[in-house]
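The values are calculated or read from the model by the stated rules, or taken from the named source; none is laboratory data. Remember, it's a predicted structure, so these values are computed and weren't measured experimentally. Neighbour counts are summed over all protein chains in view; Cβ atoms, including those assigned to glycine, are modelled from backbone coordinates with ideal geometry. Protein only, heavy atoms only, side chains kept; ligands, DNA and RNA dropped before computing areas. Shrake-Rupley method; radii C 1.70, N 1.55, O 1.52, S 1.80 Å.
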Amino acid sequence: MTCPLRRIATALLTLSILSWLSLGAAVQPYPSRTVTVVVPFPAGGSVDGVARILVQKLNETMGQHFIVENRAGGASGTVGANAVAKSAPDGYTLLVSASVHVINPFLYKNVPYDVVTDFTPVMLLAEGPLIVSTTPSIPANNLKDFFDLVRKDPQKFTFGATTIGSASHLAIELLKRDAGLDTLVIAYRGTAPALTDLMSGQIQLLADPMLSSLPLAQGGKIKTLGLTSRNRAAAALEIPTVAESGVNGFEFVSWYGLWGPKNLPADISNNLQAEIAKILAQPDVKQRLNTLGFDPIGSPGDAFAKYIRDEMAKYQTIIKDAKISAE
């Protein structure tokens, strides 16, 4: 073979190899390496619990590639959420967070991302009610009687919230508004100190997820007055809803979702949605979520995006009416 022909043959062989490698990379299945699911809160909480159930099942169905990374810090999870917002849109960095993720922009001026445009909504995973409770010494067994006591002597009552701007806080403010009360609300720096003060009688009303409140209620350390959901919870059928307890039409839930960064490819998002929908339909997953006080939902992409818009409008109204500010 002459030298020019040899060079041409070599070039064609090189192009062929490069094309084959490119094709191999293009059809490489997702996920082919570790997927980090960021939880922007400490381990052990409700968001972490939902994320770990999801990750365990994704590893069973999609291969051993998914891990939970707790990145706590910042205002209500903004540090972890920002890490996801700034990550590459390749499906290898995802976010599991709660409704507080879309509440933060109404509370803080310097949130370093846009919760709508800087994320891709993948799926609404689960939602759960809050337990509205009082201290056991209060002589009321439902919210109607409790609010009657507050109206008779308002100075004796103080309400609590686990953190400022949380679902706990907004639920209490919504209850105040619907009951026509102007009671002081103390926002704590976490669930534990709020529950401690509720048990001791320093505050007289608190809304808190079932995960942390239900064991205390079952142990007689706090007294339940109602669940904020429309229907009773499978894990505690003995607790009436807030509507049944005296505040007609009341409904408020804490919810949990999965996001990717903006511009997440549709095929990756669709793949995740299909797998997670199967996972949430599994009886053992439903049972585990019910134990934590949640119900599996499974609303994908566009439906989740609409849900977020509707919830944000509701939150903005509550925060504006209650004049809540974190700064």
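Scan the stretch 42-63 for residues that are closer than 15 Å to I276 by Cα and either among the aliphatic types (A, V, I, L, M) or open to solvent by 40 Å² or more (accessible area, probe 1.4 Å) (or both) and jot them down. Even if it seems obvious, please write down each step before you answer.
Restricting attention to the stretch 42-63, the residues satisfying the condition of being closer than 15 Å to I276 by Cα are 50-63.
Correct list: V50, A51, R52, I53, L54, V55, Q56, L58, E60, T61, M62.
Cβ-Cβ below 8 Å, separation at least six or inter-chain, first residue in the stretch 246-273 and touching a residue at least 60 places away in the same chain (Cβ under 8 Å), second open to solvent by 40 Å² or more (accessible area, probe 1.4 Å) and among the basic types (K, R): which pairs?
Close Cβ pairs satisfying both conditions: G246/K144; V247/K144; P261/K86.
Please enumerate the residues belonging to the stretch 72-125 that are aromatic (F, W, Y) and not in a helix (DSSP H, G or I). I'd like the intermediate steps shown before the answer.
The first filter runs over the stretch 72-125 and keeps only residues aromatic (F, W, Y), leaving 92, 106, 108, 113, 119.
Y92, Y108, Y113, F119 - these are the residues of the stretch 72-125 that are aromatic (F, W, Y) and not in a helix (DSSP H, G or I).
Identify, from the list L184, L216, the residue that is modelled with pLDDT under 95, more than 22 Å from the chain's Cα centre (by Cα), open to solvent by 30 Å² or more (accessible area, probe 1.4 Å) and hydrophobic (A, V, I, L, M, F, W, C).
L184
Scanning for something open to solvent by 20 Å² or more (accessible area, probe 1.4 Å) and modelled with pLDDT under 95, does the stretch 251-266 turn up at least one residue? If you could, list the steps in order and put the result at the bottom.
To start, the set of residues in the stretch 251-266 that are open to solvent by 20 Å² or more (accessible area, probe 1.4 Å) comprises 251, 262-263, 265-266.
Next, only the ones that are modelled with pLDDT under 95 stay: 251.
So far as the stretch 251-266 goes, yes, one or more of its residues are open to solvent by 20 Å² or more (accessible area, probe 1.4 Å) and modelled with pLDDT under 95.
What number of residues within the stretch 44-71 satisfy the criterion of being modelled with pLDDT under 90 and either of a type in the set (A, V, I, L, M) or assigned to a helix (DSSP H, G or I) (or both)? Can you show your working first?
Filtering the stretch 44-71 for residues modelled with pLDDT under 90 gives 44-46, 63-64.
Checking the rest, the ones that are also either of a type in the set (A, V, I, L, M) or assigned to a helix (DSSP H, G or I) (or both) come to 46.
Counting residues in the stretch 44-71 that are modelled with pLDDT under 90 and either of a type in the set (A, V, I, L, M) or assigned to a helix (DSSP H, G or I) (or both) gives 1.
Just to be sure I understand, how many residues within the stretch 295-322 are open to solvent by less than 50 Å² (accessible area, probe 1.4 Å) and either in a strand (DSSP E or B) or under 18 Å from H169 (Cβ atoms) (or both)?
9
Hey, can you tell me all the residues within the stretch 126-149 that are among the hydrophobic types (A, V, I, L, M, F, W, C), in contact (Cβ under 8 Å) with a residue 40 or more places away in the chain and either assigned to a helix (DSSP H, G or I) or farther than 29 Å from L292 by Cα (or both)?
The initial filter retains those residues of the stretch 126-149 that are among the hydrophobic types (A, V, I, L, M, F, W, C), namely 126, 130-132, 138, 140, 143, 146-147, 149.
With in contact (Cβ under 8 Å) with a residue 40 or more places away in the chain added as a condition, the list becomes 126, 130-132, 138, 140, 143, 146-147.
Result: L143, F146, F147.
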